[in-house]
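Beneath this line is the structure, given in structure tokens, with notes to follow.
Read-outs throughout are calculated quantities, based only on the coordinates presented, and are distinct from any laboratory measurement. As the structure is a computational prediction, the values presented were derived from the model and not from experiment. FYI the Cβ positions are ideal-geometry reconstructions off the backbone, even for glycines, and counts take in every protein chain you see.
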Amino acid sequence: MKVIGIGGIFIKCSNMETTRAWYAQHLGIDMESWGAVFPYKNDPNEEAYSNLSFFKEDSNYLAPSTSRFMINFRVDDLDGLLEKLKAAGVPLVGNPENIEFGKFAWIMDPEGNKIELWEQPK
């Protein structure tokens, strides 16, 4: 029950197209309309990836944080980690979700930054 990597970085921006173009031009990141994927393998039998995504300035996805970014941490056992966090008194933000892209849950760090926890589907 631990974080096993970065699942993604999410950044609010006032002009998504310009920001994506800057990352592509200056950092050489191949961009899609929603952001980028950085594939890698933790295990030869598993297709794993991280991504970079951009959100409109008025998006509520990072709420209740007022930060302009959110880190998504990949986890190996979300249910087990949530039990551990609950036992430590760390409250969840909203309810965990289990969707086609995997299991998700959210917490806030001591600085008020929202953290997304993600278990990729097997």
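Figures for the structure shown
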{"quantity": "Filter result for Tyr49 (among the aromatic types (Phe, Trp, Tyr) and either in contact with a helix residue (DSSP H, G or I) (Cβ under 9 Å, 6 or more places away or on another chain) or not in a loop (DSSP other than H, G, I, E, B) (or both))", "calculated": "yes"}
{"quantity": "Of all residues making up the range 21-35, the number that are farther than 15 Å from Phe69 by Cβ and either touching a strand residue (DSSP E or B) at 6+ places or on another chain (Cβ under 8 Å) or not in a helix (DSSP H, G or I) (or both)", "calculated": "7"}
{"quantity": "Members of the range 83-110 found to be β-branched (Val, Ile, Thr) and either under 16 Å from Val3 (Cβ atoms) or surrounded by 12 or more Cβ atoms within 10 Å (Cβ to Cβ) (or both), listed by number", "calculated": "Val90, Val93, Ile107"}
{"quantity": "Flag for Phe73 being surrounded by 17 or more Cβ atoms within 10 Å (Cβ to Cβ) and over 17 Å from Glu119 (Cα atoms)", "calculated": "no"}
{"quantity": "Index of the failed condition, Gly80 passing every other in (1) within 23 Å of Leu52 (Cβ to Cβ); (2) surrounded by fewer than 16 Cβ atoms within 10 Å (Cβ to Cβ)", "calculated": "(1)"}
